[in-house]
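Accompanying notes for the structure given below.
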């Protein structure tokens, strides 16, 4: 399986939150990354703080 690029997965997370989800769960999309900690920080910024996914990718060097 191919892991989606970080922007696409963060856009999906953002969409789900905007549509009323209370949270998101990621498995391999979060841990099978070159830098999983940076990805999880970006995901947190998008989900908890409303950061734009592309800005989060840029901020955390993804």
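Odds and ends about this structure:
- Within the chain, helices (runs of 4 or more DSSP H) holding 1 or more residues that are touching a residue at least 40 places away in the same chain (Cβ under 8 Å): 6-18, 53-59
- Odd one out for residue 39, checked against (1) modelled with pLDDT of 95 or more; (2) exposed (fewer than 12 other Cβ atoms within 10 Å of the Cβ): (2)
- Hey, residue 16 modelled with pLDDT of 95 or more, more than 10 Å from the chain's Cα centre (by Cα) and surrounded by 12 or more Cβ atoms within 10 Å (Cβ to Cβ) or not: yes
The values are calculated or read from the model by the stated rules, or taken from the named source; none is laboratory data. Just so it is clear, the structure is predicted and the values come from calculations on it, not from any experiment. Using ideal geometry, Cβ is built from the backbone for each residue, glycine included, and neighbour counts are taken over all protein chains shown.
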